[in-house]
Structure formats: structure tokens, C-alpha cells
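These notes concern the structure reproduced below.
We did not get these values from a lab; they are worked out from the coordinates using the rules stated. Here the structure is a predicted model, which is why all the values come from computation and not from measurement. Neighbour counts are summed over all protein chains in view; Cβ atoms, including those assigned to glycine, are modelled from backbone coordinates with ideal geometry.
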Amino acid sequence: MNRDARFAYSLLIPALVPVAALSAAPLIRGVFLGFTDARAGRHQPIHVTGLANYQKLLEDEQFWSAFKVGLVWAFAVTICQFLLGLGLASLLNQPLRLRWLARTLALVPWAMPPVVVGIMWKLVYHPDAGLLNEALYRTGLGGLQHNWLGDFTTALPAVILVGIWAGLPQTTIVLLAGLQGVQRELHEAAAVDGAGAARRFRAVTWPALAPVVLAITSLDFIWNFNSFGLVYVLTGGGPGGRTMLPMLFAYEEAFRFGHYGYAAALGNVMVLVILVLLGFYLRRRLKEAA
Amino acid sequence: MSISGPKTKTFKRIGQYTALAGYLVFLAFPLVWLISTSFKDPRELVELHPSLIPRHPTLQNYVTAFTEQDLARSALNSLIVASASALLTVLLALPAAYALVRFRTRLSTPILGWVLVSQLFPFVLLVIPLFLILKAVALTDTRFGLIVVYVTWSLPFALWMLQGFVRGIPRELEEAAAVDGASRLQVLRQVVAPLLAPGLVATSLFAFISGWNEFFFALVLLKSPELATLPVTLARFVGVEGIARLGPLAAGSLLATLPSLVFFALLQRRLAEGSLAGAVKG
């Protein structure tokens, strides 16, 4: 090894050793544990059980329920964030008054710890001391009052709305940054050439915006699918498992019942889902990194 | 831009402002409610019809939140864990980022790939083995254990971010210093590091926020209440509800948001970019 390389590695290794030891290695180990019967407790022998965990998952009604809730939650939140975010980004791209206020306020949900977002919305949905029920009462809609987070039919939609609130500003600001990257001259030239708004969006805006859209919706989906703290605080997965996201289910399996292997298997299924849904995007990003 | 009459234009403006107002209300109302709740006294909280503006505003909830040992201690824990992990992250990332940019090594691509790949895995896959490893070396239920976890988790992103800043430093400066007889480490310490100051600040702020806001690892890895970080303690308070407790809870929640909010305001310009790198989780 020459001196340059030795110097380079001496600078790199202090950073790489902890990452390799405490995130890469454990992740690989975590994937492996998903094929074992690992349990909490001292000196528990670990046996490789092949696909037994997955067979059990397939027959586990709670898993199916959590899986479905997780997909509904992740798709609903991601899609709403994207559609509303795109609308808002094009709105904020116009010379409107109060635009600065929208951009400043947008920082709050983004910076807030997820636990605090959960607490705040618990106060909004509170059956007695909550803003929502009181607002309904004052506007003569008292008949619509609900125990929003405790009711089987409203819990999941209520939680999804919080998810949207928490992530919408971020998606909006990123899309706005993308829109601002679209060249104004191109737009104006197209307008002069007689292209209508829809045509201009398709021919000028979209090609420039598409990579940003792909990146932010993919990341949003991954984050939402793997989300934990927000719903943990809001409902803890209840009522009756109606808001039990896959991560909450895995957390309970692992740290309440000590079923490490089973929880890891669930984690593996989640990775698989993300790979199936977003494989094309990930491959592209990895190629860019290379 | 297009040819449209003044009337359609007015309608368009009205529509735009209505949409903007809707967005602002949606963003602001839960916050206003949180702030309002934090200023209500316990008697007002149990009233049948709560009002938006507290009738008898009081700072009592803030005093309770501050003096109640748990919250103050947890805030201190959060501060220690987040600052230490931010500092360590930057100290380790700075030389590594420099090496990634200035020397060709076979590690560059895997490192950048890792920033992306590490995003995919649900934390449960990571936390079980981590818990076992930390237990084996008696680091579960210690602040140090949590700090180490946070450092490894923010390092890949810190590397990604800092190397962008290193690229912005002209090589000639370093070469000039080398000609003047500075050793390579001196060049790094005395020429590169000062020029990277803005990048180091931004990176450490990101690392601080992610440690300050983090919940899952802190929940699993720390068991003693004396060590719990702020999000964990706040989440525990939610369990022991009782309407009268909502005031201090709201006050504590607002205080817990302040540091991240201030830092985010400082980072404003870099936020969109950071998101796309997958660094700033919403």
C-alpha cells in the first residue's frame, strides 16, 4: 500500500468500524434471526428453523391484520402527501402574500419529535377536552362527535390524518424545491408557442420534476411503512388492533413476548415488501451512487 | 401568463388564497390547541366546553413541567445524548469525508450505497441484535450505549453531507499549505477544517436533531427511568392520563420541540436537499 492509501484508510477506518460493527453487522444478524427461533432470556439456544416463522406468520391473523393496516396506512398517507404536496407546491410557487407564513409554519411539524406530534393530536382528538369535538359542537354538528381514537371505525382514518399532517410540509417543500428547478424560460417559451397549461405541465414541468417526485414518494413510503413512534403514542395500536402497524406488532412480539426470531421474520417480510414495491427506484439510486 | 380575462384571473386568485388559507389552518390549529392547553389551569381543563383562548392563562403547567423531576432530568439526558452523538458523529465523519473526496479508495461507492440501503430496514431488524450486542458488553441501559447507536446511525448521512462540502474546497489551498511544509494532518486540521465550518455546523445540527427526536431505540435500549430521554418520558406520561395532567404534558411537549425547531430554522436552506438524501425523516 502506498502512503496516500495508508493515509486515506487511517482517516476512514475510525468512521467505518463503528458503522460496520453496530449497524451493518447487526442488520445482517437481524435478517438471519428471522430464520431462527431466537427468544429472550439467558442462554436460550438458537436453532435455525428455516421458513417455520413465515409459515406461522401466514397463519397468524394478527399479522395479516397488521400487514393490511400497515399497507393502508402507508399508501393512504404517502398518496395524500404527494397529491396535496404537489398542489401546495405549485400554489407556493406563485407570487402570493403569506407565502412566507406557509413556509415558516411548515418547519414545525417537520421539526417536532414524532412523540410530540402524537401527544398534540391526542389533545385535538380528546373526547372531552379536545378541539375537534368542541369545534363540532360549536358549529351545530354536535351529532358528529366521536371518541375519534377509541372508535373502531374512526381510529385508522384519524391516525392517517395525523400522518399526513406530520409529513405534508416536508413533501411540499421538497416538491417546491423541485418546481423551482424547472426553468422559467422554457415555460414562457412554451406559452408563447401556444401550449396550454396542461400541455406545459406535461412537456416542461413533469420531465424536470419526475426524479424528485420518485425520490420523495419512495422515501415517504419507506418512512411511513416503517413508522412507529407517532401511532405508538396516539393509540398504541388499538382499538382492537385497528391501528396496529407492522412495527408496533413487531415491537410487541419482540419486547413484550420475547419472540425475537418471530419479530425479525416480520421485519424481513417488511423489507421484502419495500423491495418488491420500490425495487426499480432503489436500483436506480444505487447506480447513481456508483 | 396565458391569455385570460381579468375576471377569470380574480377567480383564480380567490381560489388560490382559499387553498392557502386552508393549508395554514390545517397546519396551525393543532399547534394553537397545544399552546392553548399548555396555558390552561387544571380546573379549566376539566370544564365541559373547552375554549380556544384560555380563560385564566397560567404558567403553572410550565413550572410543573420544569420542576417535576422526571421531565427536567429527561431533558438533560436528551441534551447529553444528542450533543455527544452529534459531536462524535462529526469528529468521525470529518476525516472520513475528506478521505473519500481526496483519495480514490474502493470504499466510496459502498459507503454512499449504505446511506440509501440503511433506510430500507425497519428498526426492529436492527434493534434486536443491537440489544443483544450491547447487553453482552453491559452497555444496555447506559447513555453511552445509546450514544454509540445514534452515532453509527447518523454517520453515513454525515459522510454524505460533508463530502459535498469538501468538494467545494479548492485543492490549491491545500497544495499551497503543503508546499509551505505543513504535514497532511496539519493541512486537514488547519486548512480544511476551518473552511468546512459551515458544513460541520449543519451536519452536527442534523445529527443533534435526529438524536433529540429519536424514540424507538431509546425506548428499547434504556430501561431505567433516570436515564430516559425526553420523548420516552413524555410518551410514558400519556399512559397515566387524567385530564388535569394534560396541561403539564402540553407544556413539556412544547419545550421538547423548541431545540429542534430552532435548529431547523437555521438549516432551512438545506432541508429539501437533506430530505432527498433520506436524512431528515418527517
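Numbers at a glance
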read-out	value
Under 5 Å, built H, 5+ apart or other chain: amide partners of A:Thr36	A:Thr49
Dipole in debye (nearest 20) - the protein assembly as shown, about Cα centre, beta carbon charges: Lys, Arg +1; Asp, Glu -1	1200
Helical mean residue ellipticity (222 nm; -39500 (n - 2.57) per DSSP H run of 4+; nearest 500) of chain A	-22500 deg cm²/dmol
Cβ neighbours within 10 Å from other chains - mean over B:253-263	4
Cβ crowding within 10 Å averaged over residues, with A:200-213, A:10-23, B:27-40 ranked highest first	B:27-40, A:10-23, A:200-213
Phi to ³J(HN,Hα) by Karplus 6.51 cos²θ - 1.76 cosθ + 1.60 over segment B:85-97, Hz, x for Gly, Pro	5, 5, 4, 4, 4, 5, 4, 7, 6, 4, x, 5, 5
Qualifying trypsin sites (Lys or Arg not before Pro) for segment A:53-139 [loop in DSSP, other Cβ within 10 Å: at most 10]	A:Arg97
Neighbour-count ranking [beta-carbon atoms within 10 angstrom, fewest first] of A:Thr153, A:Thr243	A:Thr153, A:Thr243
Of A:Lys122/B:Lys223; A:Lys56/A:Lys287; A:Lys68/A:Lys122, those spanning more than 28 Å from alpha-carbon to alpha-carbon	A:Lys56/A:Lys287
Neighbour-limited loop hits for chymotrypsin sites (Phe, Trp or Tyr not before Pro), segment A:209-268 (at most 15 other Cβ within 10 Å; DSSP other than H, G, I, E, B)	A:Phe257
Burial ordering of B:Asp180, B:Asp141, fewest other beta-carbon atoms within 10 Å first	B:Asp180, B:Asp141
For segment A:231-237, 3J(HN,Hα) per residue [Karplus equation, 6.51 cos²θ - 1.76 cosθ + 1.60, θ = phi - 60°, Hz, x = Gly/Pro]	6, 3, 6, 5, 9, x, x
Average other protein chain Cβ within 10 Å of Cβ, residues A:262-271	4
Mean ellipticity per residue at 222 nm, deg cm²/dmol - from DSSP H runs of n ≥ 4 across chain B, formula -39500 (n - 2.57)	-23500 deg cm²/dmol
Cβ neighbours within 10 Å from other chains - mean over A:224-230	5
Projected-area average for chain A over all orientations - Cα convex hull basis, square nanometres	23.4
